[in-house]
Each structure stands twice: as structure tokens, then as C-alpha cells.
1. Looking only at region 18-71, which residues are basic (Lys, Arg) and either part of a helix (DSSP H, G or I) or at pLDDT below 85 (or both)?
2. In region 1-47, how many are among the polar types (S, T, N, Q) and surrounded by fewer than 11 Cβ atoms within 10 Å (Cβ to Cβ)?
Amino acid sequence: MLGTVLAAASGVFIWYLYLSKLIPLNYLIIGSVAFALLTALVVWLGINAERTWRSLIGCTLALAIVTGQTY
């Protein structure tokens, strides 16, 4: 669930950056790949992790990504 929300938020963020032409396309592609890798990492950390350090790291990383996208 968290991975889906994070992927949707990243997709919307990248789409708005593309529409605004704020960042050149080459950098936008690199950023998109970075967001995809971080989302995959959050999903991997959250799979079958019931209240362990992996779950805590995954949630913290997801929160940092979403917070970074809002600024």
C-alpha cells in the first residue's frame, strides 16, 4: 500500500515538473529513475516486515521522499 501511494506521488510530482519545463528532460529522466529505485527500495523493505527495523527504515524513507517532493 505504501509503495503504491509513493509511486503515485512521485509520478504526479514528475509529471508537474515535466509540464512546467522547470528541469531539462535529461535531468528529469535521471530523477525519474532515482524515484523508481527509491520506491522499489521502500516496497522491498516493507515486504513481510512486521514491526522490524526494515519496516521502520522503509516508512522513514517514504516519509522523507514525500516531504522532499512537497518543497
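The values are calculated or read from the model by the stated rules, or taken from the named source; none is laboratory data. Here the structure is a predicted model, which is why all the values come from computation and not from measurement. So basically every Cβ, Gly included, is an ideal-geometry build from the backbone, and we count neighbours across all protein chains shown.
1. Taking region 18-71 first, the residues basic (Lys, Arg) are 21, 51, 54.
Selection gives Arg51, Arg54.
2. We begin by selecting, within region 1-47, every residue among the polar types (S, T, N, Q); these are 4, 10, 20, 26, 32, 39.
Next cut, surrounded by fewer than 11 Cβ atoms within 10 Å (Cβ to Cβ) only: 4, 20, 26.
Qualifying residue count, region 1-47: 3.
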